[in-house]
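Structure first, then comments.
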Amino acid sequence: WRCHSNHSYFVNAVDPSRDVLYRVRETSTRRSFATRSIDGIQNGNVIFKMIASFNVDRSLPSDAPPPQHQDAVPEGIPSPESLPCYRDGVRQALEKLPPDSPFQSWFRQKLESPVDVRYCEPPPDPLDAAP
């Protein structure tokens, strides 16, 4: 079996320091297709929902390779790892703030985000976004 398609959504906030329990339910199973519903549960609340469809892989070694649905990266585009990230700017902003600043906790919360944002152009100054 191989994954044919999936649709997933985060429906509530996630605490990255806590474990997530995944509950998988069989929605349907046929001869060549199967569907599963997945709930991610944290602290008793559903935080993630996914429905995944699978089909039987009946390809043979002599079969043509499957089509590629993603274009190649254009020439001259830098790798994501080489680009500046928002977290680096937040760290620099924290160094500029006095230790008793009321914005310290706001910036520290930004550092704990699981999302890694990278910029192709110079990133915005985090001090401009402070509440």
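So here's what we get for this one:
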item	result
Probe 1.4 Å, protein heavy atoms only - accessible area per residue of the stretch 61-131 in square angstrom	83
Q109 paired with V20, simple spin-label distance in nm, labels 7 Å along Cα-to-beta-carbon	2.1
Shape call, the chain: gyration tensor on alpha carbons, a/c limit 1.5	oblate
Computed label-point distance, nm, for sites A13 and K96 using a 7 Å Cα→Cβ extension	2.7
Percent accessible area from carbon and sulfur atoms, the chain, protein chains only, probe 1.4 Å	53
Loop sites in the stretch 41-131: GluC sites (Glu not before Pro), DSSP, at most 11 other Cβ within 10 Å	E75, E112
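The values are calculated or read from the model by the stated rules, or taken from the named source; none is laboratory data. A quick note: this is a predicted structure, and the numbers were derived from the prediction, not measured. So basically every Cβ, Gly included, is an ideal-geometry build from the backbone, and we count neighbours across all protein chains shown. We work out accessible area using only protein heavy atoms, side chains counted, and drop any ligands, DNA or RNA first. Shrake-Rupley method; radii C 1.70, N 1.55, O 1.52, S 1.80 Å.
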